[in-house]
């Protein structure tokens, strides 16, 4: 998140934030300054709060919340397992406010821009080591946390693929599909989702990519983990190594993926693992394109459009490797020239 550089008094604050700040000043007896931070694709808004003893990040949710807010529940679980998540400094559910540890302004995406290949690889190995820890700790069970009750099943995976169709293909690219094209895509989406849903499941971050990892204090911290759920062991791996925001050399992707296989799922033979990783990458990339299309065509926010080309290139590479996906690629290529 990047600081916008505006202080309180020059921005119009939500009344809930104003009331919260007034109460905080009264309780602490100190002045505060607040500045908006760039947000993400969610409906939450973020501010940097500066007080005499340091800074924190105020997250304003669109509605009030109870103590079982997914972000809090999942964050407490991850922290218990020793995974790096921002500390919760204060919470005001009645106003929809969380006050969080300030991790700074740089994401992993930002940090990678000026790096040479070797330190890049070290950061990715750190992130993948954290994933291995997540999967091992979650496997100890039994767990009653809500994140273990939801999964990337056939309906969820299929919904995400149709989200791509609606918001990217039809919304952002304004393409009209024939009845035959729709039937082929529906069948292809179902088959892909059916195979992915059949694989063994582990607990997944759900959005594990370079914008949701933040270098801080010598460690990669996790953010945006509130949608954690069960899914394939390769789900978070595909999110990170086939990230829309950072294109990695293919040899590094192969090397990191194999290292992950040996640590996380050594029972998978290399060919099976590679297939699962690449099919998962297709599904993840198509879902990301749906998000980019939604932000552009529905919310009039084109900030994600520069990442469309690289994401489509990843989809094209992986689709071309599997003859059984020929029908899917053929129909998509009719409407998306980058996939031809």
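The values are calculated or read from the model by the stated rules, or taken from the named source; none is laboratory data. Everything quoted here is computed from the prediction, not taken from an experiment. Methodologically, a virtual Cβ is constructed for each residue, glycine included, from the backbone with ideal geometry; neighbour enumeration extends over all protein chains shown.
Only one of 139, 127 is out of contact with any helix residue (DSSP H, G or I) (no Cβ under 8 Å at 6 or more places or on another chain) and either more than 18 Å from residue 239 (Cβ to Cβ) or in contact (Cβ under 8 Å) with a residue 12 or more places away in the chain (or both); which? Testing whether each residue is out of contact with any helix residue (DSSP H, G or I) (no Cβ under 8 Å at 6 or more places or on another chain) and either more than 18 Å from residue 239 (Cβ to Cβ) or in contact (Cβ under 8 Å) with a residue 12 or more places away in the chain (or both) leaves just 139. Quick check, is residue 280 touching a strand residue (DSSP E or B) at 6+ places or on another chain (Cβ under 9 Å), in the same structural domain as residue 176 (by TED's automatic domain parsing) and at pLDDT 95 or above? When the stated conditions are applied, residue 280 passes them.
All conditions in (1) crowded, with 22+ Cβ neighbours inside 10 Å; (2) not in a helix (DSSP H, G or I) hold for residue 303, with the sole exception of (1). Annotation note: of 68, 102, the sole residue that is surrounded by fewer than 14 Cβ atoms within 10 Å (Cβ to Cβ) and either in contact with a helix residue (DSSP H, G or I) (Cβ under 8 Å, 6 or more places away or on another chain) or at pLDDT 95 or above (or both) is 68. Checked against the criteria, residue 182 counts as closer than 24 Å to residue 328 by Cα, assigned by TED's automatic domain parsing to the domain that holds residue 277 and in a helix (DSSP H, G or I).
Limited to region 282-337, what total is found for residues that are closer than 19 Å to residue 236 by Cβ and free of Cβ contacts under 8 Å to residues at least 40 places away in the same chain? Of the residues in that region, 1 qualify. Counting only helices (runs of 4 or more DSSP H) that sit completely within region 56-153, those holding 2 or more residues that are in contact with a strand residue (DSSP E or B) (Cβ under 8 Å, 6 or more places away or on another chain) and under 30 Å from residue 32 (Cα atoms) correspond to 70-80, 108-112.
Taken over region 229-240, the criterion of being touching a residue at least 60 places away in the same chain (Cβ under 8 Å) and more than 10 Å from the chain's Cα centre (by Cα) is satisfied by 229, 230, 231, 232, 233, 235, 237.
Only a single item in (1) within 19 Å of the chain's Cα centre (by Cα); (2) surrounded by fewer than 19 Cβ atoms within 10 Å (Cβ to Cβ) is not met by residue 168, and it is number (2). Take residue 16 and decide whether it is modelled with pLDDT of 90 or more, assigned to a helix (DSSP H, G or I) and either more than 23 Å from the chain's Cα centre (by Cα) or surrounded by 13 or more Cβ atoms within 10 Å (Cβ to Cβ) (or both). When the stated conditions are applied, residue 16 passes them.
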